Amino acid sequence: MDVRTLKNQIDDWVKKQLSYVDKSALIARKKPKIIHDSVHGTHLFWPWEMAVIDTPIIQRLRFISQVDLLSLVFPSANHTRFDHTIGVTAMAERVGRSLMGRKEYKRILNEQHIRELRMAAILHDCGHGFMSHLSEHIYKPLMKEVLEKEPFVDKRPHEVLSFLIVTSPAFKKFFNEVVEKGFETTYELNRVARMIIGKTQPKEAFLGQIINGPFDCDKLDYLVRDAKFTGLRIGVDLDRILHTMHLRIEAGRTELVIDISGAPSLEQLYFGKMMLNSVVYHHHKLRAVERMFESIIRLIQDDEKIDLDGIKFKTPVDFLRFMDHDVLARVPCRSDLIKDKITQLINRRLYKRALVICTNSVTPETRWYLQDLRTAVDYEDRKEDLQNLIYEKARARGVTCPKTDIWLDILPAPSFRDASWAYIREPSPDPPKKYNYTPLREFFPFDKWVSAFNEHKWRGYVFCPPDEHIRKKIHEAAKEALGIRPGLKFNDQSFIMCKFSET
Amino acid sequence: MSPQARAGGDVWGPRADDVLAAMIAYFSKGNIPASPLKIHKVIYNLRTRYKDLLGEFLFPSNTRDPFSKRLERALFGLEIAGLLGTLNPTFEIYQITEEAKRQSRAIFLTKFDSKTQKKIKALARDFETALCA
């Protein structure tokens, strides 16, 4: 899909969302609103901010889970994108005020910047579809062409959708009529949108970095929030990070950096991210649940007879049309196969591991082929080829379950780009130069340390229905298939790690 | 099993990740710096000259240092497969064993025709020179 088509579809969607809004009622609100957040405490929202928050574009985030179906694995993880949005706004205010409170930055940051940072935080996740990153993973291939063009290269698809929503003619019109004219405020809405994708002008690059950068407010909120609601104990010293943030003003660029005294807190933040990846986001049961849900959407996409209210999920915008409960509640009416899958999901009769692929479960002589296997994350056709081969071998062993019940799932590589982009400020030994700036990883190559950790934690799985008899057959089928392509041979660990009940 | 039989058609034909894996076969040194900053910068600079080989690695504009998520993932893949060894005491160099070079030649270089192999050889030399300078 090209950018123009996507823009038009987004504009139509925004128009529809805003058609439900009573603008005069939004403008009539004169008092700020106090919202209590369980992570960051009590915060004040201005009436014009509430006018945006009260639109369906943001309210829908109340019904989109922060981490898709995580509550099936960590029962208390029921927090939503809306909670996170409130938290990011609170953090954006704190970061902005912390910088503005310093004498040396008084001329760089002003109240308008704070207002815009808050608005960018409010809108930063409005492009999330149902089940957050899970649906994003499904529609990402539909946006391939868009994601290869600036300013969207290396951006996450939902960030691009958020940007396109905020820059759509329909949203701009609403914003101008309600927020700016209705409350006599001024914003540079294009700058707000640029903050969301972390691409503000070089002279104010720090504004984009506060919302979408190496230690942005998004990260400062979600790491703490996800840890809190899953019960994972990680330490993040938010206060120290805030107190040690500074600006680097050099060669026409103004960037967010952290003082050397805050470096350990930043390392702590990234270690927290590593633990969340390892313990929560990459938990094998969550991956299994996600593939089960993905199979439902794939069935709707591929089967001409099935749709959800006429929607086939053929464009990214289709994923914005629903909230989590819509999909879980409405799909069952459409097909017996999907009905069964939803029932199994809700009753927690989940997929199980039929094969575990990792550096310990393959023979040393064939470990080299893991390179080919890993590329299946980036090349959908390679993944599909392997899944087809596994299915073919499973059929030959008498397995009759549908093709959409056998999944090859490969964990993505952890990204530590932030560690390279996070610059540390330290006093310069060569006056009159005041400071030197060095990437965090040059102080301590912890990203490589973490990478080594992840090398041992990295997994590929073959998931299938939980029936032991079928699972064992698929175990053998997958080993045979992956022995042909990419050429892996497995040891006993590949069986032991699946935890078959009758071993 | 021949690479062609193992590969299963065009799907497993050469891609950007395979170029990186094949370059290892031509490295003259036993180790190279493991700094992502340096590697991404070198690949970014070589990308213009070797567009057909490295074009899939996209680099966002408007950043102080070039960095490609795709390249990061590809390097991680080489680490998992043991083609780039990282378990040296300081994690600051990638160790490239003779066995890794042999496997790179046998598994990945054979995906390319002889003309492209020559290009990869030149790319590997330029990469090594720039990275170790």
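Only the coordinates and a few stated rules stand behind these numbers; no lab work does. Just so it is clear, the model here is predicted, and its values are computed rather than measured. All Cβ positions, glycine included, derive from the backbone under ideal geometry; neighbour counts span all protein chains shown.
Using the Cβ-Cβ distance between A:Y20 and A:K339 with R0 set to 35 Å, the FRET efficiency works out to roughly 0.70. Taking every alpha-carbon pair under 8 Å whose residues sit at least 6 apart, the stretch B:3-133 reaches a relative contact order of 42 percent.
Note down the relative contact order for the stretch A:72-176 as a percent, whole number, built from C-alpha pairs under 8 angstrom at least six residues apart. Display every interim value, and only then the final one.
Working: 71 pairs, mean separation 25.3, N = 105.
Reported as a whole number, the value is 24 percent.
Rg and Dmax over the alpha-carbon atoms of the stretch A:3-231 stand at 17.0, 50 Å. Residue-wise HN-Hα couplings along the stretch A:161-177, as the Karplus relation 6.51 cos²θ - 1.76 cosθ + 1.60 with θ = phi - 60° gives them from phi, are 5, 4, 4, 5, 5, 5, 8, 6, x, 5, 6, 4, 5, 4, 4, 5, 5 Hz; Gly and Pro carry x. Each of B:Y50, B:F108, B:S35 was scored by the projection of its Cα onto the charge dipole of the stretch B:14-132, and the greatest displacement toward the positive side belongs to B:Y50; charges sit on the C-beta of Lys, Arg, Asp and Glu. Computed from backbone phi, the HN-Hα couplings of the stretch A:66-82 come to 4, 10, 4, 9, 4, 5, 6, 10, 10, x, 8, 7, 10, 6, 10, 4, 5 Hz, rounded to whole numbers (Karplus: 6.51 cos²θ - 1.76 cosθ + 1.60, θ = phi - 60°; Gly and Pro given as x). Taking only the C-alpha atoms of the stretch A:402-503, Rg followed by Dmax gives 22.7, 74 Å. The mean count of C-beta atoms from other chains within 10 Å of the C-beta of residues in A:360-373, rounded to a whole number, is 5.
In deg cm²/dmol and to the nearest 500, what is the mean residue ellipticity at 222 nm of chain B if only DSSP H runs of at least 4 residues count, each as -39500 (n - 2.57), divided by the residue total? Each step should come with its number before you reach the end.
Working: 7 runs with 66 residues, N = 133.
Estimated from H runs of four or more residues: -14500 deg cm²/dmol.
The spacing between the stretch B:89-124 and the stretch A:345-361, judged by their C-alpha centroids, is 34 Å.
Peptide A:381-388 has a mean of 3 when you count, residue by residue, the C-beta atoms of other protein chains within 10 Å of its C-beta. On a 0 to 90 degree scale, rounded to 10, what angle separates helix A:217-230 from the longest Cα axis of chain A? The helix A:217-230 is inclined about 50 degrees to chain A.
Between the amide H of A:R485 and any residue lying 5 or more places away or on another chain, no distance stays under 5 Å, with hydrogens modeled in the peptide plane. The protection proxy used here, the mean number of other Cβ atoms lying within 10 Å of each residue, ranks peptides A:345-351, B:10-16 as follows, highest first: B:10-16, A:345-351. Here, P(r) means the percent of Cα pairs in each 10 Å bin from 0 to the largest distance; for the stretch A:298-361 it is 18, 42, 24, 14, 3. Scaling the Cα radius of gyration of the protein assembly as shown by the globular reference 2.2 N^0.38 Å produces a ratio of 0.98. Could you tell me which residue out of B:A21, A:L408, A:V289 lies farthest along the dipole of the protein assembly as shown toward its positive end? Charges go on the beta carbon: Lys and Arg +1, Asp and Glu -1, centred on the Cα centre. Of the listed residues, the answer is B:A21. Couplings 3J(HN,Hα) of the stretch B:120-127, computed from phi: 5, 4, 5, 4, 4, 5, 4, 4 Hz, in residue order, whole Hz [Karplus 6.51 cos²θ - 1.76 cosθ + 1.60, θ = phi - 60°; x for Gly and Pro]. Give the separation of the Cα centroids, the stretch A:151-209 to the stretch A:278-331, in Å. Here the answer is 28 Å between Cα centres.
When only alpha carbons are used to place a centre, the stretch A:1-64 and the stretch B:14-56 end up 45 Å from one another. Highest mean packing comes first when the peptides A:300-307, B:76-83, A:149-156, A:474-481 are listed by Cβ atoms within 10 Å, giving B:76-83, A:474-481, A:149-156, A:300-307.
Of all lysines in the structure, the ones whose alpha carbon falls short of 30 Å from that of A:K433, not counting any fewer than 8 places away in one chain, are A:K103, A:K106, A:K199, A:K203, B:K38, B:K41. Each Cα pair under 8 Å and six or more residues apart adds its separation to the average, and for chain A the resulting relative contact order is 14 percent.
As a rough guide to protection, the peptides A:45-55, B:46-56 ranked by mean Cβ packing within 10 Å, highest first, stand as A:45-55, B:46-56. Cβ-to-Cβ counts within 10 Å put B:E128, A:E184, A:E468, A:E136 in ascending order as A:E184, A:E468, B:E128, A:E136, the fewest first.
On C-alpha positions alone, give me the angle between the axis of helix A:263-275 and the longest principal axis of chain A, in degrees, nearest 10. With both axes taken from Cα atoms, the answer is about 30 degrees. The mean number of Cβ atoms from other chains found within 10 Å of a Cβ in peptide A:410-417 is 4, as a whole number.
The slack between A:R330 and A:D12, meaning 0.36 nm per residue of separation minus the straight C-alpha distance, is 112.1 nm. Taking the three principal axes of the alpha carbon atoms in the stretch B:14-132, the coordinate ranges are 39, 38, 23 Å, sorted in descending order. Describe numerically, in nm with one decimal, the distance between label points set 7 Å from Cα along Cα→Cβ at A:Q493 and at A:M1. Inter-label distance under the simple model: 4.2 nm. Compute the Cα gyration tensor for the stretch A:145-209, then decide on rounded, prolate or oblate, letting a ≥ b ≥ c be the square roots of its eigenvalues: rounded whenever a/c is under 1.5, prolate when a/b is larger than b/c in the other cases, and oblate in all that remain. It comes out oblate by the Cα gyration axes. The A:E184 and B:E98 beta-carbon pair, evaluated with R₀ = 56 Å, returns a calculated FRET efficiency of approximately 0.20. In chain A, helical runs assigned H by DSSP with n ≥ 4 each contribute -39500 (n - 2.57); averaged across all residues and rounded to the nearest 500, the mean residue ellipticity at 222 nm is -14000 deg cm²/dmol.
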